[in-house]
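Asks: Sharing a structure below in structure tokens format, with a few things to ask.
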Amino acid sequence: MTVDGCRRVGLIGWPVEHSLSPVMHNAAFQALGLGWRYELLSVPPGQLGAALADLNAGDFGGANVTVPHKSAVMAYLDEIDAAARSIGAVNTISVQGNRLLGHNTDAPGFVSALCEAGLELSGRRALLLGAGGAARAVAYALAQAGCAVAIHNRTAMRAAGLVHHMQDLGLCAPVTRMPGETALDELDLARFDLLVNATAAGMWPHDDGSPWPEALSLPSHWTVFDLVYNPLETRLLRQARRAGARTIDGLGMLVWQGVLAFELWTGQEPPADLMRSAALKVLAIRR
Ligand code: NAP
């Protein structure tokens, strides 16, 4: 720690420039009168080991980890909590003494966002789009909450890999095996009631994209949750609204995964509403 008690927190990723985490966390550090600051650490693949060594040697209180390092970073940590190990991805590192501890706040952040939206998870039948780091956290959270989960991904092999991973975890009972090769328009959509987009489709600067085919209408009884938060109103959410489905955007999850990370680093509860409005302000400017 520096003499003035100021500690740093960094976002390790590649690229990191468009992250909303610095504004959210710096607003919270300031509101609580903590002399901490959150900064972007642009770490290309191949330089992860050096970045982690810096984290351990410097005045860092912790870090967030994003694409493409969420799985690779696990090899450099002294300890990984049970949930992050099961998910196979770390998005938050806390520093305790000279030890680096790995956590995953995406999974509980996702659940908190659904709770905040008043959605009861138990017994839901979810169709999850994606098989990357965020999808792994969401699949784990949904299965733990007692949902049946079917996984669909652009690259079918990755979807099959995630289904096998869930089965290896003993979460096979709630997971409905779905052949990754099945096109979305061949599915019996009536058997689902929750659609979660954990792909990057629709994310800025490709915001005219959607993981859902325009010609296939979404059932009106569905709730559609899009993890993408930039833009807040994605093309997928517009498709869902047009179909009469309920929609939830990705901002709540972003805020709650951040709140949980903040607590791990500082031991203090941050003002979630302030973090949300700080992120919203930046999104409004970028629009
Ligand atoms: P990732 O590990 O790189 O995975 C990307 C996923 O998106 C893969 O399944 C990939 O499919 C799929 N994909 C990418 N472009 C696509 C396209 N044009 N059409 C269909 N599928 C496409 O990234 P991630 O960390 O999982 O993040 C995924 C999304 O979740 C991002 O938009 C990220 O911003 C968002 N996210 C939001 C929060 C939040 O707090 N709201 C938290 C974490 C992540 P392939 O396997 O075929 O490549």
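Asks: What number of residues in the stretch 177-206 are within 11 Å of the ligand (Cβ to nearest atom), of a type outside the set (A, V, I, L, M, F, W, C) and surrounded by fewer than 18 Cβ atoms within 10 Å (Cβ to Cβ)?
Replies: The qualifying residues number 1.
Asks: In addition: When you scan the stretch 43-59, how many residues do you find that are within 20 Å of residue 8 (Cβ to Cβ), open to solvent by 60 Å² or more (accessible area, probe 1.4 Å) and within 16 Å of the ligand (Cβ to nearest atom)?
Replies: The total comes to 0.
Asks: Something else about it: Pick from the stretch 12-34 the residues that are open to solvent by less than 10 Å² (accessible area, probe 1.4 Å) and not small (Gly, Ala, Ser): which of them is nearest to residue 90 (Cα to Cα)?
Replies: Top of the filtered list is 12.
Asks: Further question on the same structure: Being over 17 Å from the mean Cα position of the chain (by Cα) and surrounded by 15 or more Cβ atoms within 10 Å (Cβ to Cβ) is the filter; apply it to the stretch 60-78 and report the residue that is nearest to residue 20 (Cα to Cα).
Replies: 62
Asks: Which one of these does residue 225 not meet: (1) more than 11 Å from the ligand (Cβ to nearest atom); (2) in contact with a strand residue (DSSP E or B) (Cβ under 8 Å, 6 or more places away or on another chain)?
Replies: (1)
Asks: Looking at 139, 134, 126, which one is open to solvent by less than 10 Å² (accessible area, probe 1.4 Å), within 12 Å of the ligand (Cβ to nearest atom) and either in a helix (DSSP H, G or I) or among the aliphatic types (A, V, I, L, M) (or both)? First the steps, then the outcome.
Replies: On the way: 134 fails: open to solvent by less than 10 Å² (accessible area, probe 1.4 Å); 126 fails: within 12 Å of the ligand (Cβ to nearest atom).
Checking each option against the conditions leaves just 139.
Asks: Here are some residues: 272, 284, 243. Which one is out of contact with any strand residue (DSSP E or B) (no Cβ under 6 Å at 6 or more places or on another chain), closer than 21 Å to residue 30 by Cα and among the hydrophobic types (A, V, I, L, M, F, W, C)?
Replies: Exactly one residue qualifies, and that residue is 272.
Asks: Then there's this: Of everything in the stretch 29-62, what is within 17 Å of residue 263 (Cβ to Cβ) and either touching a Leu at 6+ places or on another chain (Cβ under 6 Å) or assigned to a loop (DSSP other than H, G, I, E, B) (or both)? Give them in sequence order.
Replies: Across the stretch 29-62, the qualifying residues are 31, 32, 33, 34, 36.
Asks: Run residue 217 past the list (1) open to solvent by 30 Å² or more (accessible area, probe 1.4 Å); (2) at pLDDT 95 or above and report the number of the one that doesn't hold.
Replies: Result: residue 217 fails condition (2) only.
Asks: Of everything in the stretch 1-11, what is surrounded by 14 or more Cβ atoms within 10 Å (Cβ to Cβ) and either without any contact (Cβ under 8 Å) to a residue 40 or more places away in the chain or not in a strand (DSSP E or B) (or both)? Give them in sequence order.
Replies: Initial filter on the stretch 1-11 (surrounded by 14 or more Cβ atoms within 10 Å (Cβ to Cβ)): 6-11.
Across the stretch 1-11, the qualifying residues are 6, 7.
Asks: Among the numbered criteria (1) modelled with pLDDT of 95 or more; (2) open to solvent by less than 30 Å² (accessible area, probe 1.4 Å); (3) not in a loop (DSSP other than H, G, I, E, B), which one does residue 151 miss?
Replies: The number of the failed condition is (1).
Asks: Taking the criterion of being over 30 Å from residue 7 (Cβ atoms) and not in a helix (DSSP H, G or I), would at least one residue in the stretch 256-276 satisfy it?
Replies: No, the stretch 256-276 has no match at all.
Asks: Working only within the stretch 261-287, note down all residues that are within 25 Å of residue 59 (Cα to Cα), open to solvent by 50 Å² or more (accessible area, probe 1.4 Å) and touching a residue at least 40 places away in the same chain (Cβ under 8 Å).
Replies: 264, 268
Asks: Could you give every pair whose Cβ atoms fall below 7 Å, whose first residue belongs to the stretch 215-229 and is free of Cβ contacts under 8 Å to residues at least 60 places away in the same chain and part of a strand (DSSP E or B), and whose second residue is open to solvent by 30 Å² or more (accessible area, probe 1.4 Å) and hydroxyl-bearing (Ser, Thr, Tyr), counting only separations of at least 6 or pairs across chains?
Replies: Listed by first residue and then by second, the contacts come to 224/247.
The values are calculated or read from the model by the stated rules, or taken from the named source; none is laboratory data. Worth saying up front: this structure is predicted, and the values here are computed from it rather than measured. Glycine also receives a Cβ, built like all others from the backbone with ideal geometry; neighbour counts cover every protein chain displayed. Note: accessible area is taken over every heavy atom of the protein model, side chains too, but ligands, DNA and RNA are not part of it. Shrake-Rupley method; radii C 1.70, N 1.55, O 1.52, S 1.80 Å.
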